[in-house]
Amino acid sequence: MAMFRKIFQKRWFKFLAAAVLIVVAVGGYFAWKTGYTLNKISGSENSALGSLLGSGATPDEQDGRINVLLLGMRGANMPGGGLLADSIMVASLDTKNNRVGLISVPRDLWVQIPGTNERGKINSVYSHWESGGRGQGIEKMKEMMGTITGLKINKAVAINFEGFRQLIDAVGGIDVRLPKGFSEPLQFVEGNECGGVFTLPAGTNHLNGEKALCYARSRVTTNDFDRSKRQQIILQALKDKMISLGTLADFTKINKILDIAGANVKTDLTPEEMKGFYDQYGQMKEADIVQLFFENSEKGLLRVPEAGTGLGYVLVPIAGQDNYTQLQDASRNVFSSETQK
């Protein structure tokens, strides 16, 4: 006993014991924080900690693919239609062949709002069913996008602009390479957003959250279709940064990401499914990315209705209003059809 007492009194043992206690405390805090955040964004009342310690689960696949709807919007308390979905994208994940299909739908697509007799732009579906305490925005957007793409939309994730900006800042920014310079001289002048005239030079640009958001929102000088392509580029860059060793090994960054997610992200993924997704899809390193954009061209499969409809600027399928057969074929065959890289 005397020998053990001497060991316990050694300075190195006290340092070692203190280090072990810190590791245990940090690990316990991280597990609690992660569980709390997953419960918050999923609206689950089950124990997220139990899900984290379990094996996790993923939704049933369709033709070997899991399809996740990604939505981006200003935010519930923002002016100018805070719950209108400015970014609408389906990520179709094929782990067997290590590839991801990104399918973007423009916000001006004219649709029948699910569960109503009303029509409107697709970006209003989430707002209609989420506002007024309905709380069904995600479910109705999944239903709508399932109709348009012909895919089973397994799950959905919605993030607001502030969360997007903070998330990119939390990981230290992202790198985007531009073959030529980019300029948006009109959209942000009123209110002096993004410096008024937003520009990026050709070459590799390191973007903080504010610049990445400005780049993702720009549309007046170009169009919604080009904006969808820019959003996909940013999404890929963010994905690469978040799964990098530097991010996953940095407790401060992970802690910030959890705080941001808890305040700005909403999903119908349960904590157990989130873990399952991470376990299964987090291993997709350097996956082949296939991009599909629906636009008003023969290849894009959409058109502007004839003049005199009184609808303003909207888009409908070239096959006819509410006829999504061509869009469905393109979505199902995103990995085999000709797509834009």
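A short reminder: the numbers here are calculations on the coordinates, not readings from a lab. Given the structure is predicted, the values throughout are model-derived calculations rather than measurements. Please note: Cβ atoms are built from the backbone with ideal geometry, for glycine as well, and neighbour counts cover all protein chains shown.
What to note about this one:
- Point-charge dipole on Cβ atoms (K/R +1, D/E -1) for region 66-332, about Cα centre, debye to 20: 240 debye
- Working ranking of peptides 189-197, 169-177 by packing, defined as the average number of other Cβ atoms within 10 Å per residue, highest first, is 169-177, 189-197.
- Legend: residue pairs Lys155/Lys241; Lys239/Lys275; Lys96/Lys239; Lys239/Lys299, Cα-Cα distance threshold 21 Å; pairs beyond threshold, Lys155/Lys241; Lys239/Lys299.
- Here the residues Tyr126, Tyr313, Tyr278, ranked from fewest to most Cβ neighbours within 10 Å of their Cβ, fall in the order Tyr313, Tyr278, Tyr126.
- Phi-based couplings in Hz for region 231-240 (Karplus 6.51, -1.76, 1.60; Gly and Pro marked x): 5, 5, 4, 5, 4, 5, 5, 5, 4, 4
- Placing +1 on the Cβ of every Lys and Arg and -1 on the Cβ of every Asp and Glu, with nothing else charged, gives region 59-218 a dipole about its Cα centre of roughly 260 debye.
- Near Arg119, the amide H atoms lying under 5 Å from its own belong to Ile113; only residues 5 or more places off or on other chains count, and H is placed 1.01 Å from N.
- Across region 262-267, coupling constants 3J(HN,Hα) worked out from phi with the 6.51/-1.76/1.60 Karplus curve, θ = phi - 60°, read x, 8, 10, 10, 10, 8 Hz, and Gly and Pro carry x.
- Residue-wise HN-Hα coupling along region 297-303, computed from phi with Karplus coefficients 6.51, -1.76, 1.60 (Hz; x: Gly, Pro): 8, 4, 6, x, 6, 10, 8
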